[in-house]
1. On average, how many beta carbons from a partner chain sit within 10 Å of the beta carbon of a residue in A:479-492?
2. Taking Cα atoms, how many degrees apart are the long axis of helix B:514-524 and the longest axis of chain B, rounded to 10 and kept between 0 and 90?
3. Roughly speaking, what is the centre-to-centre gap between the stretch A:30-106 and the stretch A:519-571 when only Cα atoms are used, to the nearest Å?
4. I'd like the antiparallel share, as a percent to the nearest 5, of DSSP beta bridges with both residues in the protein assembly as shown.
5. Could you tell me the extents of the stretch B:259-382's C-alpha atoms along the three principal axes, largest first, rounded to whole Å?
6. Could you give the nm distance between label points at residue A:271 and residue B:294, where each point is 7 Å from its Cα heading toward the beta carbon?
7. How high is the relative contact order of the stretch A:315-354? Use alpha-carbon pairs under 8 Å, at least six apart in sequence, and give a whole percent.
8. How many nm is it between the label spots at residue B:523 and residue B:611, if each spot is 7 Å from the Cα in line with the beta carbon?
C-alpha cells in the first residue's frame, strides 16, 4: 500500500536515528530528517538535520604531506536552519515521547500523498491525556516549502495549552575522525546575519563561514483557535508562542509553513522567502497537500512497479523509488547526493553513483529529470577542465570524484581522483540519454562536448604500448579494494565505448548539426584527427583476459595477488576498509564490489555468455559486498546468466538495505545508489531489459516465488508496460508510435495495442 | 687544509640561511646552527636553531580520510633553548653585521680543531672600531657542552662596553604547507617550567607540549676583565649583562658555557646540567679546545681521505666526513637524522638513509659508532613489532619508514609505510656488520633477532605465485616515483639476501651460540621450519628481467609505462614531486633515484656485467636525480662498469652538493645521506672496494684528473691503507694480523708490511 509504505508502531530509542533517516521528507531541494518536533532527551541518539541540496560550506583541507594537485578545500552539505521544532505544554507539563505514558503510537510514510504522519495517544505524568496528530511534507509543487500540520485533541483536562513553534540556527554537522565515510570537520558553520519579520512571517538569514553562501528560512504559523500569540527572539532564532485555554474535547490545530531560499538559486533569497511563504500560507496545508498528491499521482503513473506475491519486496521497491524521487535535484545547481537529502554521510557529495546506479531509473521513467542530472555535469565542465590541468592533462576535462560545487574534494586520491572512470561513467550516461531519448539536439548543444572533453583526458592517461595495444595505467576502478592499477578492465572497456561514441557523435553532428560542430571546434579546438585517434585507440584497446582461467582479470596484476581468505575472516572485521590498512587490502584478491561483473552489465558487447559466467563466479568468491553497490549487480547478472536463486537472494539483500539497516549505517542516510540498483535489478535483471544501438530487448525471468512483475518504461517518446509472469510476458504500448522490440530474442512490432507471447 | 675546510669572506645576506647550515656545530647529541650571536635584522632570512638529537614533540596527525593503520601522531625534532645569543654594545651603539662598516670579515670551519671561527673588523656608524673574534664548538668530549669564546678588541674608543649573554626559550620550529619535505606543524612547542640559578650558573628548564619530555640548558659566563655584572630574567629566558669601562687597545674576553641535558638520557637533567656546567667552566675554553683537538686527531686518523690533484674535491670530501661525524649519535636513544643536527628538514627523522648511505662510512672507519646505529634499531624493535601488527602481520617486525622514537610517523603511505625495504635495509646493515667485523657475539645477542623479525614480515607480505615463484606485491621501492608496485627488483633482491642470511645466522648460532638460539626460540617463537621457509622463498624469489631489452625492470609493470619526456620538461618543473600530482608521476617511466642500479651496487651477486651496464644506461636516461641519493650511486656504478667520465661527473655533483647548494635546500640542513654516498663513491667507486663472504676486494680506478687517492678501512680488526694512482695501488696493513684480500681479482696476502702492484 503506497499510502502506508512503512510504519513505526512502537518507540525504540536505539532505532530513533535510523528512523529519522527512513522518515525524512525531501523534494530534491530540501530535506528534513524525521526528528520529533518536540525533540528527545540528550541521552537518546538523534541526528536532527535539515539540508538544502548543494548548500555547502568549505574548509581548508589539511595534508601532513601535501603534493601538487591535492584539492585545497573540503565541501560539506550543511545542516541548515531547523524549522521542524514545535514544543507543546499542557499547563506546566511538557509533551515528550520519553515521559508520561504512550497509549498508542504510529508513524507512517505515505508515498501516495507525500507526507509523513505521526499519531500518538499520550497521557502525561500527571494524567493529562491527548491525541497528537502531525503531518509533515516537503512540497514537490513548491520546492522551497516544508510544512507541518500539528493537531492536538485534549481528552480529559481543562487548562492552558502552550505551543511554541520556532526556527533556529542552533544546528551543527556531525564529524567522525575514524570513519572515512563521514566528514572530519563538523560543528556549527552558520553565522546568523539577520532576524526579521513582515506581517506574521518571520525570517532568519544565515551565512556560511567560508563558502560565502546565504540561506534564508521564513516561518509563518496559522492557528485557527483563538489564542494569545507572542514572539520570542534569541541571537540564533525566533519563536512564536501560542497560548490557548482548552477544555476536554477541544481540538487545537497549528499549521506551520517554512520556506527555504538560498543565494545559490536566488538573487534575493530574503525577498523570495517572504513571497513564497505568503503564497503557501494563503494556500494552506490542505491545498498544498492536494498539489502534493497530484504530483505524486503523475510520478507513480510511469514509475510504479507491481510485484505480485511478495509484499515485503513490493514495499521495499516502492520505498526505494520514492526515496530516489525525494533525492533528485531538478535544477542545474545540484545533483543526487550519495545519501540524498536524508543525512550527512559522505558529506552530501555527488559521486559516480548518480550516473551509474540512479540515473537509469529516471532515464526510463522521467527523462526530464535525467536530463537535469546531465546538465549539472555540463554546468560544471569548466571546473572539470581546470581539474584536468591540475592533473597535468593539457586538454580535456576530468570530473571530480566527489564534489558539490564541481571542484574535486576527494582528499585520498588512491580511491578518489585515481578513479578516472568517473569520466567514462558520466559519458556513458550521456550516451545512454542519446540512445534512449533520441534527443540529438541535446547532443549538439551539450552531450558531444562532454564526450569529447572526457575522452581527451582518458586518451592522455593512456598510451600505445610497444605491442600497439592502447593501455591505461595507474587508475583505480570502481572496486576500491585495489587501487592505482594498470588496465582495469572496467576502465578500459568503458573508455573504449566512450572513444567509439565520440566518433559516432562527431559523424552525427557533421551530418545533422554542422553549426554545432563548428561552434565546438571554435570553443574547444576539437578536430577530426583527434576523433580518429580516439577511434584508433578504441580499436587497439587492451582488455585483460586470462586464457587459462577463461576470465577477465580485474587488472593486469590482479591474478598475481594473494586470494583473501574470506572464510576465515571474523565477521567483525567487515567492512575491511575499517579494519585493515589499505596496503594490506590492495595486496589481495578481494573486492568491495565486482567491477568486472559490472562492466559486463553495462557493456556486454561481444563477450560470450560462458565468459560472463566464469567472471561472475570467480569474482563472487572474492567479493565482500562491503559496498552497498555490490549486491544489485550480482542480482542483475545472476538473472543474465540464468542463476535464478542467486538473482533473488542478492536482490532481497538490496531491496531492503535501508529498511532493514543491512549496512548498519542507515542513520547517516539512505543509500541512494543501492536504491537505483534495486530498480535496475527488477527491470534489467528480472525484466531482462537491454538497449543497444537504438534497439530495446526484454528477456524476463522472474523469481519462482513471485506471481508476476509489472513495470513501465519510457523509450523514445513511447510508454511501454511490461507484465511478466513465470510463463508469459505481456508488453503493451501505452503511449506513442509503433515500435520494434525484441522479446526473448524475437523481433516484435508493438502497435498501440496488446501483444502476448 | 682541514683547519680551514670552508671559509666565508664576505657577508651575502641571501646566503645567510644556507651558511647557517654549513657553519653549524654539532657532536651527534646537540647541534647549533651557525647564526650570528648578535642576530640579524628581521628582513634578512635566518633560520636560527639549536637541536638535541631525538628530542622531539608530537602532534596529532590529521587525515581527511583516515584508514586503519595510519600513524596517530607526528614527531618533530624541536628547536630547543637558544644559547648562542650574545649581544654587544659600544656605548649606545649595538654591534650588527648589517649596520656600520665591515672592514674585513671571515668565517671558517676548522675541522682539525672542531670549531667555527668568525673574525670581523667593524666600524660602527659613529666610528667606533673593533675586531671581534668568536670561536664556537659543540664538544665531542663532553657531548652536552656548547661553548663560545667571544673576544673584542677595542681599536679607537673609550667608553662603556656592554655584553649581554643569554639563554632563551623564545624559539620556534619552521613549517611549510606546500613542501612535503618539511613538517606542517611548526611554532613554539616548549613551555618554560623553571628558571633557576646556583652560584653563577643559570638554568632554564622546558617541557614539550605533547611528548612530555624535558630539556634543560644551563649557562655560565666567564669574564676575566673587571666588570659590572647583572642578571635579567624574563618569563622565557635569562640574561647576564657585563658592563666594562674600556679604552683604546683593550681586549675583552667572554667565555660562554652552555650545557644541554634532557629527560630522554638523564634521570635528573637539571642536576646533571649544573654538574656538567661546573666541570666545563672549571676546565675553561682552552682545555675543552684541546680535548676537541684530541678527539678529532683520533677521528681523522682512520677516516681521512687524501686526494691529490683536486683541491675542491679534497675539501668537499673532508667537509662531508666531518659533517657525518657531527651528525652521528653515539647513544641508543638516537640515530642520524636526514639533515643531521643542522636543520629542520624532514623534521629530524631517521630514514633508511642511515643504514644504506651513511652506515658504511662508520662501519669501515669507526665500527663502534656503526654498532651504536644498529643498537638504536634493536632498541626500537618493540615499536616495529607493534607496527607490524597494525599492518596486519601476525608475526615479525616492520620498522617505521620515518621515525624519531621508533613509531611510524609517515603520513603518506605510498612513499612511506609502503617502503617495506626499510626492513631489508636495516637487515642488510646487520649482515654487513657481521661480515665486516666478524662480531658473532653481536649476532647472537641482537643481530639475529633483527634478521628473523624483519624477514617474517617480508615473508608475510609475499607469497608463492601459481608458478611457484615467490612474489612481493604492493610495496614501494627506494625510487618513490613509482609507488605500490609488484615485485620491485630492489625489494625482491634484498629480501632474498635477507632470507638467505637468516639461514646462515641460524646455522652459525646453532653451532656457536646454542643458548642464544634457545633464548630467541623462547622470546620470539622462531623455529627452524620458519627459517627453512625463508630459504625456500629465497630460492624461489622472482626477480623481474626483460629478455628483449636485457635489463631488469624496476618492477612488474615498469616497462609498460609511458617514458617521461625529460628533454622537454622545463627546468623549473624539477623536482617533479613539487610540480606534478603523484598519479601523473607514477604513470610514467621516470626515476627520482635508480633503485635497480642501487641493487646492483649492494648485491651484485651473479648478475653479468653486461646486464649491469644495460640497466645503468637504461635507468640513467629516465632518472631526474630529484633525490640527493641518486648521483652517488651513478658514480659508484659508473666506476663499476668502467665509465670513468660518468664516474667523475656524477661524483663531482655529489661531492659539493651542500657546499654549492646544488639541491637548493641546504638552508634546511645538510644532506647526510649524500655525504655518506660520496664516501662510498670514493671507496667503493674509485677504490673499487667490495666485500662478500668474508672476503675483501679492491679494484681501484681513479679519475684521470687526479694524481692519487689514499684512504683507510678498518676490517675484521685490521686497519688497511689503500693508495691508488692512475697506474699503481699500494695497500698497507697498518694494524692487525695478516689477511688475504683481492686486488684487481688477484689474491694477495697482506702482511704487516707494504705490498705493491
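Only the coordinates and a few stated rules stand behind these numbers; no lab work does. Keep in mind it's a predicted model, so treat the numbers as computed, not measured. Here the Cβ is made from the backbone with ideal geometry for all residues, glycine too, and neighbour counts use every protein chain on show.
1. What the average comes to for A:479-492 is 2.
2. 80
3. The stretch A:30-106 and the stretch A:519-571 have Cα centres separated by 42 Å.
4. On the way: 264 of 278 bridges.
That works out to approximately 95 percent antiparallel.
5. Reported extents, whole Å, longest axis first: 51, 44, 27.
6. About 9.1 nm, to one decimal.
7. Values: 35 pairs, mean separation 11.6, N = 40.
Averaging sequence separation for qualifying contacts and normalising by length gives 29 percent for the stretch A:315-354.
8. Computed distance between label sites residue B:523 and residue B:611 equals 3.7 nm.
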